[in-house]
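Before any comments, here is the structure.
The values are calculated or read from the model by the stated rules, or taken from the named source; none is laboratory data. Quantities reported herein were computed from a predicted structural model and do not represent experimental measurements. Positions of Cβ are backbone-derived with ideal geometry, glycine not excepted, and every protein chain shown enters the neighbour counts. All accessible areas refer to the heavy atoms of the entire protein, side chains included, with ligands and DNA or RNA removed. Shrake-Rupley method; radii C 1.70, N 1.55, O 1.52, S 1.80 Å.
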Amino acid sequence: MATSRDDFIIAIRSAFLKKSTQQKFSLLSLLLVSISIIILSNLNFKVIKYLKIGLNEVVYRSSFLVSMPENFAKNTFFEIKEYSTFYNDYKKNRKELEQFKSNYVSNEIMQFENKELKELIDDFVSSSNKILAKIIVDHKSPYLKSIIINKGSKDNIKIGTNIYDQSYLIGRVIEVNYKTSRVLLLSDLNSNVPVTIAPQNIQAIITGTGKNDGKIKYIKGDFSSDLSEENIIYSSGTGGVFKSGIPIGKLKTNKDEPIRNMSVQFYSDFSQLKYVFAEIISKKDIEDLEQVITQTDTIDSKLKILEDEIKIIEDTNLKFLEENESLKFEINNLNTQISNLKDQVFLQKEEIDKFNFDEKEFEFLRLNLVYGHKCRKTFLNSSGFKIDTLEYRECVLNKGIID
Amino acid sequence: MNVIKTNNYFFKIYSFLPIILLFLSVLNEFDLNYLNLKYFSFNFPFILIFFFTLKDLKKFDYLLVFIAGLLNDIVVSLPLGMSSLSYLLICIATSYFRNITIRPSGIKDWFYFLFVISLINSINYSILSLFFSYELILAYYLVNTFFTFVFYIIFVSIFKLYLKGLND
């Protein structure tokens, strides 16, 4: 018995301490180092933190390069799979597209309304900017569903930054390096997202299952009878980690299962991600804005004076313009008046002319009565003129005297 | 093989092939997860480390195994040092097993491998859930252990061919 125990101790000692010819370190020393690293990383020790940050950048890039052949094989596999279902997908997509088109207009209006209301409620104006990021590592092990993207603190990515596939929420940033970041996907076991189940507006928390779907972890109240396959899930924004109103997925119900086991089918397929969008949000509180205003008071007052000056000049210009306009209008009126008067004068002249003509005619008729017989050509008066001729008229006006 | 041996450069690469494979596998996390087979996963570095440390391959340096563990932790986002600890525990187990074995047998190695990876996965699970509050599914660990155990015999036959080539 004693010999057996001695053999065991010798074997253990040998295993821990003996270094073979080419081994530089004994297993015991390396084991102690790794245990101390684990303890120090658990205590957030600075050296370990910096060591990890330093290694992250190198390892992520190396992992991307090393994964290239496998990724190529993987993509080829998926492409072949896609080709086999291409026609059916096309038909399905066409149907969906028609549906989406009809919903698009009303959605746009709702979005604008939402934006306005959110600004009113939150008391801040948020401006978001989505930047495109490439996935460099997507090793989704059964224990952790995460991806590495090629954007980091250099691109204003922060811990908690929301990550999207198109407009669907897929996760948040949990680790930021200078040029890379790790994104925890919604399908991870450690992911918890406060959501709203529409259209009933039921508040719940969903978590990942470690596979490609999620499940309801907590639901406020007993609403199991109200839920159906048509329910859609979007982020509620509770807690401030995720932005509100971002579509996440659809509810998959099973009548036999209790509410807690209801699964969530995500809109985005996490196994097919190549590029994602990271949302950079900049907030400006109204209070902060006021503070900034007081700090820049002098500049503001100067600007105000200049603005006033500009305003006065603009007002004067405006008045001149108005005056010009009124003068132009007056000129036009006067011109019209003149033309009217001219017309009137012309008419009066015509009248006068007419009157003058009538007077002459009257004189002719009067003389014609008296002297007409002297000028008319008759049997006895052969030197007379024919009536209605010019000579006759002249004769009458000359009081019957024939030249 | 003589051709390889005459070319010193290629022979060096060939002799370092297991360690190169270890680094590639930790960086690439080659586990066929994208096939989306339910629960399917296996741990290739475990098989690699167990086999070559058991066979006491000189180029398979413990320090490099330790570094590979650190890289694996970064790739799969585990607490730094966790994988190194697992890999080194395999090294200790194989070293002990080598010392006590008089007549090596493939079947014995295989079942000893099952015992070792079960023990290490249990330690892993306990540390992650107790000290780091990770939410983990035990079924995944069990399935992973099972498939790693099954795949061991397949990979061992390939590794033996490699060793034969190296010794020739």
Exercise. Could you state, as a whole-number percent, how many of the C-alpha pairs of chain B are farther apart than 24 Å?
Key: 36 percent
Quiz item: Can you run phi through the Karplus equation (6.51, -1.76, 1.60; θ = phi - 60°) for region B:93-102 and list ³J(HN,Hα) in whole Hz, with x for Gly and Pro?
Solution: 4, 5, 5, 5, 5, 5, 5, 8, 7, 9
Exercise. Enter the angle in degrees (range 0 to 90, nearest 10) between the Cα long axis of helix B:17-28 and the first principal axis of the Cα atoms of chain B, meaning the one along which they spread out most.
Key: 30 degrees
Quiz item: Residue by residue through region A:36-44, which ³J(HN,Hα) values in whole Hz follow from phi under the Karplus form 6.51 cos²θ - 1.76 cosθ + 1.60 (θ = phi - 60°), with glycine and proline marked x?
Solution: 5, 5, 4, 5, 5, 5, 5, 8, 6
Quiz item: Across region A:352-359, in residue order, what do the Karplus-derived ³J(HN,Hα) couplings come to in whole Hz, using 6.51 cos²θ - 1.76 cosθ + 1.60 with θ = phi - 60° and x for Gly and Pro?
Solution: 4, 4, 4, 4, 4, 5, 4, 5
Quiz item: Using a 1.4 angstrom probe on protein heavy atoms only, which residues from region B:53-68 are buried by at least 30 Å² of accessible area when all chains are present rather than their own chain alone?
Solution: B:58, B:61, B:62, B:63, B:66
Quiz item: Under a 5 Å amide H to amide H cut-off, with H placed in plane at 1.01 Å, what residues pair with residue A:234 once short-range neighbours are removed?
Solution: A:196, A:198, A:248
Quiz prompt | Partner chain coverage, peptide A:50-60 - average Cβ within 10 angstrom | solution = 3
Practice problem: Take the cross-link list A:95/A:115; A:134/A:179; A:91/A:274 and give me the ones stretching past 20 Å between alpha-carbons. | Solution: A:95/A:115; A:91/A:274
Quiz prompt | Residues whose placed amide H lies under 5 Å from that of residue A:218, excluding near-sequence neighbours | solution = A:205
Quiz item: Tell me, what is the per residue accessible area of region A:296-374 in Å², probe radius 1.4 Å?
Solution: 94 Å²
Exercise. Give the long-range amide H neighbours of residue A:175: residues separated by 5 or more places, or on another chain, with amide H under 5 Å away, using H modelled in the peptide plane at 1.01 Å from N.
Key: A:182
Quiz item: Hey, can you rank B:78-90, A:86-98, A:49-61 by average C-beta count inside 10 Å, highest first?
Solution: B:78-90, A:49-61, A:86-98
Self-check item: Loss of accessible area when A meets B, both sides summed, Å² nearest 100, probe 1.4 Å
Solution: 4700 Å²
Exercise. Can you give me the P(r) profile for region A:126-284? Cα pairs, bins 5 angstrom wide beginning at 0, each as a whole percent.
Key: 2, 10, 20, 22, 19, 13, 8, 4, 2, 0
